[in-house]
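Here's the structure, in structure tokens; my notes come after.
The values are calculated or read from the model by the stated rules, or taken from the named source; none is laboratory data. Please read all numbers here as calculations on a predicted model, not as lab measurements. Counting neighbours? That spans all protein chains shown, and the Cβs are built from the backbone with ideal geometry, glycine included.
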Amino acid sequence: MANSPPRLSALARALALAAACSFTAAGSLAEPPSTLPQPAAVATVLGSEIRTSDPEELRYLVLRALTDRYAAERAVEVTRNEIDAYLARMAAVAKQDRREREARLAGIERQLAAPGLADDRRTALTAERDALAQLARDLDRGAATPQEAAEEAQARRMVAAAFIRQWKINQSLYREYGGRIVFQQGGPEPLDAYRRFLEDQQTRAAFAITDAGLEAAFWRYYRDDAIHSFYPTGSADEARAFARPWWEAE
């Protein structure tokens, strides 16, 4: 993985914020202060109303409710051993990333020490060196207290569990509905499987969108190929995408 894991203190804060974003029993975002106008109900999912004017939020709320039910029906669970394996793999990736950054920094220092280096090249190399050095300092900065370390360790496990659960849901949907897979930063996504799943759920009246404009925007993500990068059909990468979890040892 090219991207380094985020600092855990920031991660812990993000998780706390996400947990604080509770939803009402009606299925919509927690009501804002009464002095603010509230959006009208634009959809229902599993009998609950959704009130939003944002198509991204609409898609998130619909998909979350439906995939939560899907996961429960198919007994999608995450085990302690799976979390341990995921974290061990992430630690190995972080270690490899560190070695690569250190090698790159050493190479930059050698280039900067070489005679006759053009000014523009020196400026670019210096900026890259400083950025890599700052990144190393940020990643090396540990928790200030034992309590903070424990909170960050728990945050890591929560994030790992969420990623594993999502991968398992994606794998199950792909096996059931098939279709093409797209590249995403968080891992492969079975785009056609999601579209077919949602079309099936809409036919079964599991959800309905009453705002025509939001409905068009909702479906664009699943029906507009131009906004995605697909795994080549029939490729080895496509075959491996959901064959086994990427974090498991070979």
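Note on the stretch 197-250: among residues that are acidic (D, E) and assigned to a loop (DSSP other than H, G, I, E, B), the one that is nearest to S53 (Cα to Cα) is D211. Reported count of residues in the stretch 209-236, each being surrounded by 14 or more Cβ atoms within 10 Å (Cβ to Cβ), over 17 Å from E56 (Cβ atoms) and of a type outside the set (F, W, Y), is 0. For the stretch 198-210, check the following and say yes or no: at least one residue is within 19 Å of the chain's Cα centre (by Cα) and closer than 27 Å to R74 by Cα. No: zero hits.
Do any residues in the stretch 92-121 that are without any contact (Cβ under 8 Å) to a residue 24 or more places away in the chain have Cβ atoms under 6 Å from those of residues that are surrounded by 11 or more Cβ atoms within 10 Å (Cβ to Cβ) and outside any loop (DSSP other than H, G, I, E, B), where the two are at least six apart or on different chains, and which pairs are they? As it stands, the answer is Q111/L125; L112/L125, since those pairs meet every condition given. When E248, E199 are checked against the criterion of being in contact with a helix residue (DSSP H, G or I) (Cβ under 9 Å, 6 or more places away or on another chain), without any contact (Cβ under 8 Å) to a residue 40 or more places away in the chain and not polar (S, T, N, Q), a single residue qualifies: E199.
When both residues are 6+ apart or on different chains and their Cβ atoms are under 9 Å apart, which pairs have a first residue that lies in the stretch 149-171 and is on the phi > 0 side of the Ramachandran plot and without any contact (Cβ under 8 Å) to a residue 60 or more places away in the chain, and a second that is surrounded by fewer than 19 Cβ atoms within 10 Å (Cβ to Cβ) and in a helix (DSSP H, G or I)? So the pair list comes out empty.
Evaluated against (1) part of a helix (DSSP H, G or I); (2) more than 26 Å from W247 (Cβ to Cβ), D84 falls short on exactly one condition, (2). Scanning the stretch 131-183 for residues that are modelled with pLDDT of 95 or more, hydrophobic (A, V, I, L, M, F, W, C) and not in a helix (DSSP H, G or I) gives I181, V182. Evaluating R175 against the criteria (1) touching a residue at least 12 places away in the same chain (Cβ under 8 Å); (2) farther than 17 Å from R244 by Cα; (3) out of contact with any Gly (no Cβ under 7 Å at 6 or more places or on another chain); (4) among the basic types (K, R) leaves one unmet condition, (2).
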